[in-house]
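**Student:** Please find one structure pasted underneath; my questions will follow.
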Amino acid sequence: MVIVTTIRHEVLTLPAASLGADNPLPPLRPLDEMHRIDDRDKAGLPRDMVRQIGHAPLHSLLPVPVRDGYERSREPRPVDALVIENDRLRATVLPALGGRISSLVHKPAGRELLYRNPVFQPANFALNGAWFSGGIEWNIGATGHTTLSCSPVHAARVPAPDGGEMLRLWEWERLRDLPFQVDLWLPDGSDFLYVGVRIRNPHEKPVPTYWWSNIAVPEECRVLAPAEEAYLPHCLKGVGGAPIGYEQRLRRVPVPEYDGVDRTYPPRSTYPADYFYEVPEDRRRWIAALDTGGRGLVQTSTDVLRGRKLFVWGRGPGGRSWQQWLTEPGTGGYCEIQAGLARTQLEHVALDAESEVSWLEAYGPFETPPEGEWSGVLAEAETRLETVLPRAGVDAAYEAWQPYAGTEPGERLATGSGWGALEVLRAGWKLPGTPFDETTLTEEQEPWLHLLRAGSFPDPAAGRPPGGTLVARHWRDMLETAPATPLTEYHLGVAQWHAGDRAQAERSWERGLRHASSGWPALRCLAVADQEARNPERAADRYAEAFDDLCRAAGDTAGEWTPVTAALGREAVEALLAVGRTADARSVWRRLDPGTRARGRFRLAETALLLAEGRREEARAVFDAGFEVADLREGDEVIGRLWSTLTGEAPAGPEPLPERYDFRMRPTP
């Protein structure tokens, strides 16, 4: 048999922003994505959903660093791509950016099936910050966009079930310490891209697991899914309409029409919304997005991938601002159709010890009439889907793929991180099909490899800040038995904090301070502990001391010290302003380098500082001159609050927030 499917390397050139340096400070504060469902709703939810919503939510990003060093200045940059292609489809994969499929083209029609972002612009949407829009992304870890959104994954050629080749992507997910793989293949003559996914738990205890395949499609469409109801989350509101944390109501709403509007048409919504479809147990799992002519993309899967979802940005000013923020003017908007392991993204599924979960997905072109009465539209769509890709055919493809899931990769096409190799060396795991070779270890893993082999934690090279901390129980145990140097105590404290033993963490940091030549890392951690204990005055003292100590350690050295000076300086200014110490906040501000002060996030901080100093006209001038906070968080209304403070003393009340700063994702009070 002649196999015509090919896999090749390409280099794309895109207007792209630089990712910059990761934030070197350990993320000790709880995640803002800690979702809770109001108890009033739980009685009406399925029991398995309630159990999974409450199952092991993630409370920390550790050991993953925050990625906030990017800006919004774009220039043409090379982006490595891997292209898998047959005579019908061409899929373009970005191995250095989470293995995302950036494009899926149906060649006979010359039609792009996805929303393809023409630029690479990171924004603060992933669990750990940097994320970009478009294509098909693989979300693993916990509620939210994966921490691997802008990180490299391993890639290689692997034999496919039809005798051709598959493209295998694999990595080590660090939040849950789980290896996973994504196998892509295109049978000869197939209009569908097959995707085999496997998540393994090599540990001796169950691990909470999360997966959603997230597909961006043009928003001028109608979305079809086999459901008559959906779960719609919405935040509770406090005084003045402000959200109460992330506690949510989860209401069951009819599909397609809710509140007098057919919500299966994304442009008909005003505000961003998630619709988690309730797909009946006996129905085929699928979701499609179709244009007015009835053409578009369909995604279907074996039954393990249970959930289906529609996300819309809405036509309100906030949604429009975010759409433009993520790409460039003149680019069409998008919505997302998604598929996951659970009904909703508020849930985590338990993966038993030394077990795995796997499934098959299929993506391809689809045509069916989108207009008409809902049940009739769905019936016609399911009939046509069964014709072009029978449900039994998807199940058969999954069975054919399984023997190949453990096949050892051939030619390596891209290299991911060395964290999987470190864990495999530590535990001696055998993971057929996803080798984490020792050759992938880098200087990031080097001190931890030394701890593993020699039992001690080495000091960093002269003049360098401490690196990241590993926090899993086995690494914490090793730190506890290692010689108690200041650096070891620092890392041990971070691991203890992550484990919930905050008192012991503070004792470790305090012990390390007694003999440290430079105490700013531990002082900053103790300042965060003070903030969490609601002692802002002591936190401000420690932040001021930590920043002074950091400046002495950094001296006139630039380069590697700039990210940590910026990160600590930003936290110190905010902590000092919170207790009214404007002179000390100004002292920190002056010692930041000019390039840091010119960044949008710091221009925003400068505005707050000027207001605290009573320099209202100068604060207004910062707004009038314009700034862009590159790492503005989805849902963060800090700019609007600062604007209200700035303009609120006018006789007519606060001025309307200028459109360029309006990223609000809910109705204004």
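The values are calculated or read from the model by the stated rules, or taken from the named source; none is laboratory data. Fair warning: this is a prediction, and the values are worked out from it, not measured in the lab. Because the Cβ atoms are built from the backbone with ideal geometry, glycine has one as well, and the counts that use them run over all protein chains shown. Side chains are part of the model used for accessible areas, which takes the heavy atoms of the whole protein and leaves out ligands, DNA and RNA. Shrake-Rupley method; radii C 1.70, N 1.55, O 1.52, S 1.80 Å.
**Student:** So which trypsin sites (Lys or Arg not before Pro) in the range 29-103 pass both tests, a DSSP loop state and at most 16 other Cβ atoms within 10 Å of the Cβ?
**Tutor:** Loop-located and lightly packed - R72.
**Student:** Determine the calculated [θ] at 222 nm for the chain from helices alone, applying -39500 (n - 2.57) to every DSSP H run no shorter than 4 residues and normalising by the residue count; nearest 500 deg cm²/dmol.
**Tutor:** Using -39500 (n - 2.57) per qualifying helix, the result is -9000 deg cm²/dmol.
**Student:** Sticking with this structure for a sec: Between V304 and T481, what is 0.36 nm times their sequence separation minus the Cα-Cα distance? Round to one decimal in nm. It would help to have the intermediate numbers written out before the result.
**Tutor:** On the way: separation 177, 0.36 × 177 = 63.72 nm, distance 4.29 nm.
Contour length minus the Cα-Cα distance gives 59.4 nm.
**Student:** Hey, another quick one. Under 14 Å Cα to Cα from K107, which aspartates and glutamates show up? Leave out anything in the same chain fewer than 8 places away.
**Tutor:** Correct list for K107: E85, D87, D188, D191.
**Student:** Ok, one more. Provide Rg over Rh for the chain; use the alpha carbon set for both Rg and the Kirkwood Rh (inverse mean inverse pair distance).
**Tutor:** Answer for the chain: 0.96.
**Student:** Subtracting the Cα-Cα distance from 0.36 nm times the residue separation, let me have the gained length for R514 to R633 in nm, one decimal.
**Tutor:** Extra length available between R514 and R633 comes to 39.1 nm.
**Student:** Could you give the dipole magnitude of the chain about its Cα centre, charging the beta-carbon of Lys and Arg +1 and that of Asp and Glu -1, in debye to the nearest 20?
**Tutor:** In debye, rounded to 20, the chain gives about 900.
**Student:** Here's a follow-up. Find the accessible area per residue for the chain; the probe is 1.4 Å, ligands and nucleic acids are left out, and the unit is Å². Before the final figure, lay out each step's value.
**Tutor:** Working: 26380 Å² over 669 residues.
With all protein chains present, the chain gives 39 Å² per residue.
**Student:** Let me ask something else. All other residues with a Cβ under 12 Å from the Cβ of R67 taken together, and with Lys, Arg as +1 and Asp, Glu as -1, what is their net charge?
**Tutor:** -3
**Student:** Then there's this: Would you list T596, T292 from the most to the least accessible area, probe 1.4 Å?
**Tutor:** Values: T596 5, T292 130 Å².
I get T292, T596, largest accessible area first.
**Student:** What does the accessible area of S151 come to, in Å² to the nearest 10, when a probe of 1.4 Å is used?
**Tutor:** Its heavy atoms expose roughly 20 Å² to the probe.
**Student:** With a cut-off of at most 15 other beta carbons within 10 Å, and DSSP calling the residue loop, which trypsin sites (Lys or Arg not before Pro) in the range 536-643 qualify? Please list them.
**Tutor:** In loop regions of the range 536-643 (DSSP not H, G, I, E or B), the sparsely surrounded trypsin sites (Lys or Arg not before Pro) are R615.
**Student:** Y277's amide H: which non-local residues (gap 5+, or another chain) put their own amide H closer than 5 Å, with H modeled 1.01 Å from N in plane and none for Pro or chain starts?
**Tutor:** Y231, R308, K309, L310
**Student:** Filter the DSSP H helices in the chain by two things, a Kyte-Doolittle mean of at least 0.0 and an axial alpha-carbon span of 15 angstrom or more, and list the hits by number. Intermediate results must be reported in sequence, preceding the final value.
**Tutor:** On the way: long enough: 374-388 (21 Å, 0.07); 391-401 (16 Å, -0.25); 486-498 (18 Å, -0.36); 502-515 (21 Å, -1.89); 520-532 (18 Å, 0.17); 536-554 (26 Å, -0.74); 561-578 (25 Å, 0.72); 600-612 (18 Å, 0.75).
Sorted by number, the helices that extend far enough and score high enough are 374-388, 520-532, 561-578, 600-612.
**Student:** Quick one: if the Förster radius is 45 Å, what FRET efficiency do T383 and S18 give, using the C-beta to C-beta distance and rounding to 0.05? Show your work: numbers first, answer last.
**Tutor:** Details: r = 49 Å, r/R0 = 1.09.
With R0 = 45 Å, the Cβ-Cβ based efficiency is 0.35.
**Student:** OK, next. For the chain, give the share of DSSP beta bridges that are antiparallel, in percent and rounded to the nearest 5; count only bridges with both residues there.
**Tutor:** The antiparallel proportion sits near 95 percent.
**Student:** Can you list which of the GluC sites (Glu not before Pro) found in the range 244-311 are DSSP loop residues with at most 16 other C-beta atoms within 10 Å? Walk me through the numbers on the way to the answer.
**Tutor:** Working: sites: E247, E257, E278, E281; in loops: E278, E281.
Within the range 244-311, the qualifying GluC sites (Glu not before Pro) (loop, at most 16 other Cβ atoms within 10 Å) are E281.
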